[in-house]
């Protein structure tokens, strides 16, 4: 049943050789990897206006130079990451660049920062998209948490279907949003050229009251805060450098071209919307309602127009789909980290749809937990944003500067050296500017909640270091030297656990005899006296040539008496091995399985930690007696009702065939 539901949701499994068919063309890679930075234009202008408005109406004009600075920074970052795509076509972005040029510690800081940022991208995107929906339909506000969590789960299922399929499904809303933004800007230009003038926004008549002191250096600080807030437009820019392997060949060139297209689109849309917002005197509100972009759409097209309604829906869709960038970046980065033994190996391999499904599930789970924990409150969640992305930006660009320096030292050709110097200068500019932004963001967002993101990064860093140490230690312990041969224990003592005499028990006894151990014993724990007496009588009546040993359990425990028996046996024969054979019922349905084997499961868990003990589970299929595939009861050497042949195990074994008690 579970398998059927899985196939309905994610589709049939794909063979490994079809992986090449999942590679993305540029037109499809744009919505897959760039939905986050493209969607940021929907609220980056609003974040700038929200801060400059604190100084009063006279300081709204600061938004223009601040926006120019943000656009210039985006251009620098895009140029820098183009070089990363060519230099590291294997993907990994900031982590791989930092590890190759700065060392392990900076690389893990970059990785932790990116992982936190990806989780925040999904969380903030889902909540922001739901906020846009509930702004239009206020009656849905009480269900914001459920709607945001549901959006994350829908995106997770879409990405579990495969990279190409999710790209096709989510491409349309991205391109519709881009087209509508350009149509909005074009309509405003036409209005202005025809002399009709650009209409004012709905909140233009509201008076702004200064809430913070300004003048002199205080104005500079206000501009810096606005710049830091506007840098939300840069979130997700690095995703393409992480996912270069997902592109069609030539991978690096196609990735760099897609990154350039994304940068041009985002810069034009962001600056255009900022200029239009200033022309229309749009206002930004702390609760985000109405949003700046909705004021622009309502002013240009009319609040009751079909075009405005489509624009609102497209805006909500692109805000939610911004999470898709993280759903493609997080699993790839987690896989690379797992390959380097910094995260669990379960995150390394692709699932049956050729995506890193465990990474997708981890990301969705973390995002849903944050949505529930922060009650889908965008004001609280936004404070945790940006820290991670600018930490990774700074480390990545610094690593590229070191890389060019290393290549310059090994190259004496003048033409190559000029090209390398130019590239190094671009990366140096990127490192300095993103580092400055990081300092500003930490300064002004730390108390508001950014410290939680920093703590999460520190915890992730420590966790990855601990995982790496564990894998190295285990690798050293399991390593095989050149002169290592097969080590054989002196003897094998087999113990078949018996709770009652039934077909699964007989089948397990037959299996144990088939392995020809040096000593074979059936072991039962006496918890209920009548049942123990019945088992002893049945054992003697069937004339099994395997001795039955019964251990007392005055406190009605199962695991402890068995462990005590095995430990006493191990003390007597420290060079021998003990094989514990556990009969298990296998029911036809998963819900029936819950009624069986729970004690066996707990016992196996404890036995795995016992030195010199091997656990063998013997499953017995519980099928209809008319099923032609039903396995035979027992074995040729242990047919119920008559004695079986005496095996070598029991000739070397115990004191007799009768039941004994310990």
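The values are calculated or read from the model by the stated rules, or taken from the named source; none is laboratory data. Just so it is clear, the structure is predicted and the values come from calculations on it, not from any experiment. With ideal geometry, Cβ positions are generated from the backbone for all residues, glycine too; neighbour counts draw on all protein chains shown.
Any chance the range 4-11 includes a residue that's buried (at least 17 other Cβ atoms within 10 Å of the Cβ) and either within 30 Å of residue 63 (Cα to Cα) or touching a residue at least 24 places away in the same chain (Cβ under 8 Å) (or both)? I'd like the intermediate steps shown before the answer.
Filtering the range 4-11 down to residues buried (at least 17 other Cβ atoms within 10 Å of the Cβ) leaves 10.
From what is left, the residues that are either within 30 Å of residue 63 (Cα to Cα) or touching a residue at least 24 places away in the same chain (Cβ under 8 Å) (or both) are 10.
Taking every residue of the range 4-11 in turn, at least one turns out to be buried (at least 17 other Cβ atoms within 10 Å of the Cβ) and either within 30 Å of residue 63 (Cα to Cα) or touching a residue at least 24 places away in the same chain (Cβ under 8 Å) (or both).
Pairs meeting the criteria (first residue in the range 328-357 and farther than 18 Å from residue 164 by Cβ, second residue part of a helix (DSSP H, G or I) and at pLDDT below 90, beta carbons under 8 Å, at least 6 apart or on different chains) are 333/93; 333/242.
For every residue, the table says whether it meets (1) over 25 Å from residue 233 (Cα atoms); (2) touching a residue at least 12 places away in the same chain (Cβ under 8 Å); (3) in contact with a strand residue (DSSP E or B) (Cβ under 6 Å, 6 or more places away or on another chain); (4) surrounded by 22 or more Cβ atoms within 10 Å (Cβ to Cβ).
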{"residue": "66", "(1), (2), (3), (4)": "no, yes, no, yes"}
{"residue": "71", "(1), (2), (3), (4)": "no, yes, no, no"}
{"residue": "75", "(1), (2), (3), (4)": "no, yes, no, no"}
{"residue": "80", "(1), (2), (3), (4)": "no, yes, no, yes"}
{"residue": "84", "(1), (2), (3), (4)": "no, yes, no, yes"}
{"residue": "92", "(1), (2), (3), (4)": "no, yes, no, yes"}
{"residue": "95", "(1), (2), (3), (4)": "no, yes, no, yes"}
{"residue": "102", "(1), (2), (3), (4)": "yes, yes, no, no"}
{"residue": "110", "(1), (2), (3), (4)": "no, yes, no, yes"}
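In the range 39-59, is there at least one residue being over 19 Å from residue 426 (Cα atoms), outside any helix (DSSP H, G or I), at pLDDT below 85 and within 26 Å of the chain's Cα centre (by Cα)? Within the range 39-59 (the criterion being over 19 Å from residue 426 (Cα atoms), outside any helix (DSSP H, G or I), at pLDDT below 85 and within 26 Å of the chain's Cα centre (by Cα)), the answer is yes, since at least one residue qualifies. The residue of the range 539-553 that is modelled with the highest pLDDT, among those that are exposed (fewer than 15 other Cβ atoms within 10 Å of the Cβ) and out of contact with any strand residue (DSSP E or B) (no Cβ under 9 Å at 6 or more places or on another chain), is 541.
Only residues that are under 15 Å from residue 232 (Cα atoms) and within 29 Å of the chain's Cα centre (by Cα) were counted across the range 395-434, and they come to 1.
Just need a number here: residues in the range 236-253 that are within 21 Å of residue 124 (Cα to Cα), part of a loop (DSSP other than H, G, I, E, B) and under 18 Å from the mean Cα position of the chain (by Cα). Residues that pass the stated criteria total 2.
If you check 419, 403, which single one turns out to be farther than 21 Å from residue 320 by Cα and without any contact (Cβ under 8 Å) to a residue 24 or more places away in the chain?
Numbers: 403 fails: without any contact (Cβ under 8 Å) to a residue 24 or more places away in the chain.
The match here is 419.
In summary, residue 327 fulfils each of the numbered conditions (1) assigned to a helix (DSSP H, G or I); (2) over 16 Å from the mean Cα position of the chain (by Cα) with the single exception of condition (2).
Does residue 388 fit the bill of being more than 30 Å from residue 370 (Cα to Cα), at pLDDT below 90, buried (at least 24 other Cβ atoms within 10 Å of the Cβ) and in contact with a helix residue (DSSP H, G or I) (Cβ under 9 Å, 6 or more places away or on another chain)? Steps first, answer last, please.
On the way: more than 30 Å from residue 370 (Cα to Cα): no; at pLDDT below 90: yes; buried (at least 24 other Cβ atoms within 10 Å of the Cβ): yes; in contact with a helix residue (DSSP H, G or I) (Cβ under 9 Å, 6 or more places away or on another chain): yes.
Judged against the criteria, residue 388 is not a match.
Residues that are at positive phi and crowded, with 20+ Cβ neighbours inside 10 Å within the range 292-315 are absent altogether.
Yes/no per residue for (1) touching a helix residue (DSSP H, G or I) at 6+ places or on another chain (Cβ under 6 Å); (2) within 28 Å of residue 443 (Cβ to Cβ):
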position: 149; (1), (2): yes, no
position: 173; (1), (2): yes, no
position: 182; (1), (2): no, no
position: 190; (1), (2): no, no
position: 219; (1), (2): no, yes
position: 222; (1), (2): yes, yes
position: 226; (1), (2): yes, yes
position: 236; (1), (2): yes, yes
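Exactly one residue among 361, 407 is over 30 Å from residue 159 (Cα atoms) and surrounded by fewer than 20 Cβ atoms within 10 Å (Cβ to Cβ), and that residue is 407.
Would you pick out the residues in the range 504-529 that are in contact with a strand residue (DSSP E or B) (Cβ under 7 Å, 6 or more places away or on another chain), over 13 Å from residue 582 (Cα atoms) and not in a strand (DSSP E or B)? Explain how you work it out, then say what you get.
Initial filter on the range 504-529 (in contact with a strand residue (DSSP E or B) (Cβ under 7 Å, 6 or more places away or on another chain)): 504-505, 507-509, 511-513, 515, 517-526.
Still in the list and also over 13 Å from residue 582 (Cα atoms): 513, 515, 517-520, 525-526.
Correct list: 513, 515, 517, 518.
With respect to (1) over 30 Å from residue 324 (Cα atoms); (2) at pLDDT 85 or above, the lone exception for residue 250 is condition (1). Which members of the range 483-499 meet the condition of being out of contact with any helix residue (DSSP H, G or I) (no Cβ under 6 Å at 6 or more places or on another chain) and either under 19 Å from residue 543 (Cα atoms) or in a loop (DSSP other than H, G, I, E, B) (or both)? Scanning the range 483-499 gives 483, 484, 485, 486, 487, 488, 489, 490, 491, 495, 497, 499.
Taking helices (runs of 4 or more DSSP H) that fall entirely within the range 558-617, which contain at least 1 residues that are at pLDDT 90 or above and either over 34 Å from the mean Cα position of the chain (by Cα) or within 22 Å of residue 516 (Cα to Cα) (or both)?
On the way: elements: 559-572, 590-593, 598-607.
By residue number, 559-572, 598-607.
Matching residues to (1) modelled with pLDDT of 90 or more; (2) surrounded by fewer than 20 Cβ atoms within 10 Å (Cβ to Cβ); (3) not assigned by TED's automatic domain parsing to the domain that holds residue 311:
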{"site": "138", "(1), (2), (3)": "no, yes, no"}
{"site": "147", "(1), (2), (3)": "yes, no, no"}
{"site": "151", "(1), (2), (3)": "yes, no, no"}
{"site": "157", "(1), (2), (3)": "yes, yes, no"}
{"site": "166", "(1), (2), (3)": "no, no, no"}
{"site": "169", "(1), (2), (3)": "no, yes, no"}
{"site": "182", "(1), (2), (3)": "yes, yes, no"}
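Tell me, yes or no, whether the range 254-268 has at least one residue that is part of a helix (DSSP H, G or I), in the same structural domain as residue 115 (by TED's automatic domain parsing), at pLDDT below 85 and under 26 Å from the mean Cα position of the chain (by Cα). Outline the logic, then answer.
Initially, the range 254-268 is screened for residues part of a helix (DSSP H, G or I), giving 254-268.
Imposing the further condition that a residue be in the same structural domain as residue 115 (by TED's automatic domain parsing) reduces the set to 254-268.
In the following step, the residues that additionally are at pLDDT below 85 were identified as none.
No, the conditions are met nowhere in the range 254-268.
Check the range 24-32 and report whether any residue there is surrounded by 17 or more Cβ atoms within 10 Å (Cβ to Cβ), in a strand (DSSP E or B) and either outside the structural domain of residue 323 (by TED's automatic domain parsing) or under 25 Å from the mean Cα position of the chain (by Cα) (or both). Steps first, please.
Going residue by residue through the range 24-32, those that are surrounded by 17 or more Cβ atoms within 10 Å (Cβ to Cβ) are 24, 28-32.
Next, from what is left, pick out any that are in a strand (DSSP E or B): 24.
Narrowing further to those that are either outside the structural domain of residue 323 (by TED's automatic domain parsing) or under 25 Å from the mean Cα position of the chain (by Cα) (or both): 24.
Scanning the range 24-32, I find at least one residue that is surrounded by 17 or more Cβ atoms within 10 Å (Cβ to Cβ), in a strand (DSSP E or B) and either outside the structural domain of residue 323 (by TED's automatic domain parsing) or under 25 Å from the mean Cα position of the chain (by Cα) (or both), so the answer is yes.
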